[in-house]
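Visitor: Before I ask anything, here is the structure I am working with.
The values are calculated or read from the model by the stated rules, or taken from the named source; none is laboratory data. What you are looking at is a predicted structure, and each value in this text was computed from that prediction instead of being measured. For neighbour counting, all protein chains shown are included, and Cβ atoms are generated from backbone atoms with ideal geometry for every residue, glycine included.
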Amino acid sequence: MQKRITFNTLFLCLFLNKQFEELMRLSNKEIESKILSYEGWSYKSGQISKEYQFKDFQQALKFVNKIGAAAEEANHHPDIFIHNWNKVRVSLSTHDEGGVTQKDIQLAKIFQSIQKKLL
């Protein structure tokens with residue numbers, strides 16, 4: 001007896017596979033090649049990070065609020081550190097996977113877009 005695959009079953013399999021791929025830990029080489037195009041991002045100690053500098057504290061805080069909202073929507077939360085009144089350091093990793101995943105790379109790209117809109 002041969003089983004038929006329905007559209008719903010196929011869709012669910014593809015969706016779950018995409019979710020799984022987003023959470024798979026990337027190799028060092030994959031991480032470095034993916035963040036090369038993201039200005040200022042670096043990879044060290046199992047996380048990607050970038051330090052942003054803004055004209056004043058208010059702009060830095062606005063950036064933090066916008067990336068915080070984006071992170072909340074993605075249900076993926078970075079480490080955020082505001083210092084020297086106008087600098088923000090952001091670090092991303094997937095703690096459950098013990099390193100950087102595609103989800104971190106995607107969020108870094110969103111953060112880049114948010115920064116460009118603020119400048």
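Visitor: When residues of the stretch 52-62 are filtered for being surrounded by 13 or more Cβ atoms within 10 Å (Cβ to Cβ) and either under 26 Å from residue 33 (Cα atoms) or among the polar types (S, T, N, Q) (or both), how many remain?
Guide: Residues that pass the stated criteria total 2.
Visitor: Now, a different point. Tell me which residues, restricted to the stretch 31-47, are in contact (Cβ under 8 Å) with a residue 24 or more places away in the chain and among the basic types (Lys, Arg).
Guide: Matches in the stretch 31-47: 34 only.
Visitor: Sticking with this one: Mind listing whichever residues of the stretch 30-45 are of a type in the set (S, T, N, Q) and within 15 Å of residue 97 (Cβ to Cβ)?
Guide: As a first pass, look at the stretch 30-45 and keep what is of a type in the set (S, T, N, Q): 33, 37, 42, 45.
Answer for the stretch 30-45, where residues must be of a type in the set (S, T, N, Q) and within 15 Å of residue 97 (Cβ to Cβ): just 45.
Visitor: Are there any helices (runs of 4 or more DSSP H) wholly within the stretch 1-74 with 3 or more residues that are of a type in the set (S, T, N, Q) and at pLDDT 95 or above, and if so which?
Guide: 57-74
Visitor: Quick one: how many residues across the stretch 75-94 are part of a loop (DSSP other than H, G, I, E, B) and on the phi < 0 side of the Ramachandran plot?
Guide: The total comes to 5.
Visitor: Here is a follow-up. Name the single residue that is surrounded by the fewest Cβ atoms within 10 Å (Cβ to Cβ) among those in the stretch 74-111 being closer than 16 Å to residue 43 by Cα and among the polar types (S, T, N, Q).
Guide: 106
Visitor: What pairs come out if I take residues in the stretch 48-67 that are closer than 14 Å to residue 114 by Cα and pair them with residues that are part of a helix (DSSP H, G or I) and among the basic types (Lys, Arg) whose C-beta lies under 9 Å away, six or more apart or interchain?
Guide: Matching pairs, first to second residue: 54/62; 66/117.
Visitor: If you don't mind, another one. Give the residues of the stretch 75-96 that are among the β-branched types (Val, Ile, Thr) and modelled with pLDDT under 95, sorted by residue number.
Guide: 94
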